[in-house]
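Read the structure below first, then the notes.
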Amino acid sequence: MAADLFPPRDIEPELVEAGRLLFARDCRFIAGAAEADACPPETLPEIAFLGRSNVGKSSLVNALTGRRTLARTSNTPGRTRQINFFALGGRLMLVDLPGYGYAEASKSAVKAWTRTVQHYLRARNSLRRVCLLIDSRHGLKEPDRPVMQLCDSAGLSYQVILTKTDKPSLAELAGIAGSVHAELARHSAAHPELHLTSAEKGRGIAALRATLAGFALPPELRADAGAVARPGATR
């Protein structure tokens, strides 16, 4: 488990088990919001997944929940064009945000959903952490930095998740992780720890579940997941 974090550390077994139990619960699509005012009510703590187009956000959400088709995946960058909300066991809301950077869409459409995402990040009171996904083959790129600066200015806690760690060599991965970790030290809202994941191979999924379970609503306060659905919401 230590190899799934950078810098390496062990995670307590009880936290790993809490994460396993939470993500084994029912997870359902609640709403898709193409505009800020279409977001569902804030009834659960929210974890948002954000990153460049085709970095693997939807694949990671599917891996965490143990479902292959909960979040739609595609080889075409920019296919996620709305904010998708998934309620996990009435205790946590997983939020799949549109990717930034390259997308096969018009400039006006990209600008529109970029404004929606920025509004969500600044104004969503139930948002507890942003998982900023970074492709482990490439590290931080210029399009990532405005997002980091936005989170810094808003005091919004974010944590880098390196994806596709089965692709680079061990030496390449260590170099990228070290470089990203050093840059994060200069950002006030960045969590200093990186998660190393591979949705395809299952690497780091248990460790990330353990971390995210710490933000979930306590079982005794579990919300009715069905109550957060927005009437008439479609995917």
Revision key, fill the gap. Filtering segment 115-130 down to residues that are modelled with pLDDT under 90 and surrounded by fewer than 13 Cβ atoms within 10 Å (Cβ to Cβ) yields 115
Exercise for review: Name every residue in segment 115-149 that is in a helix (DSSP H, G or I) and under 18 Å from residue 96 (Cα atoms), in order of residue number.
Suggested key: 115, 116, 117, 118, 119, 120, 121, 122, 123, 144, 147, 148
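Residue-by-condition table, conditions (1) surrounded by 22 or more Cβ atoms within 10 Å (Cβ to Cβ); (2) modelled with pLDDT of 95 or more; (3) closer than 20 Å to residue 196 by Cα:
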{"site": "5", "(1), (2), (3)": "no, yes, yes"}
{"site": "18", "(1), (2), (3)": "no, yes, yes"}
{"site": "34", "(1), (2), (3)": "no, no, no"}
{"site": "43", "(1), (2), (3)": "no, no, no"}
{"site": "48", "(1), (2), (3)": "yes, yes, yes"}
{"site": "53", "(1), (2), (3)": "no, no, yes"}
{"site": "56", "(1), (2), (3)": "yes, no, yes"}
{"site": "72", "(1), (2), (3)": "no, no, no"}
Check your understanding: Out of segment 155-212, which residues are under 28 Å from residue 118 (Cα atoms), assigned to a helix (DSSP H, G or I), out of contact with any helix residue (DSSP H, G or I) (no Cβ under 6 Å at 6 or more places or on another chain) and not small (Gly, Ala, Ser)?
Key -> 176, 180, 181, 183, 184, 208, 211, 212
Practice item. Please work out which one of (1) out of contact with any Pro (no Cβ under 9 Å at 6 or more places or on another chain); (2) at pLDDT 95 or above; (3) more than 26 Å from residue 29 (Cβ to Cβ); (4) among the charged types (D, E, K, R) is the condition residue 137 fails and give its number. Key: (1)
Check your understanding: If you check 187, 191, which single one turns out to be under 20 Å from residue 97 (Cβ atoms), under 17 Å from the mean Cα position of the chain (by Cα), open to solvent by 20 Å² or more (accessible area, probe 1.4 Å) and in contact (Cβ under 8 Å) with a residue 12 or more places away in the chain?
Key -> 191
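Just checking, which of 235, 222, 209 is farther than 15 Å from residue 163 by Cβ, surrounded by 14 or more Cβ atoms within 10 Å (Cβ to Cβ) and at pLDDT below 95? Steps first, answer last, please.
Numbers: 235 fails: surrounded by 14 or more Cβ atoms within 10 Å (Cβ to Cβ); 209 fails: at pLDDT below 95.
The conditions single out 222.
The values are calculated or read from the model by the stated rules, or taken from the named source; none is laboratory data. It should be emphasised that the depicted structure is a prediction, and the values quoted were computed from it without experimental measurement. We place every Cβ from the backbone using ideal geometry, glycine too, and count neighbours over all the protein chains shown. Calculation scope for accessible area: heavy atoms of the full protein, side chains included, ligands and nucleic acids excluded. Shrake-Rupley method; radii C 1.70, N 1.55, O 1.52, S 1.80 Å.
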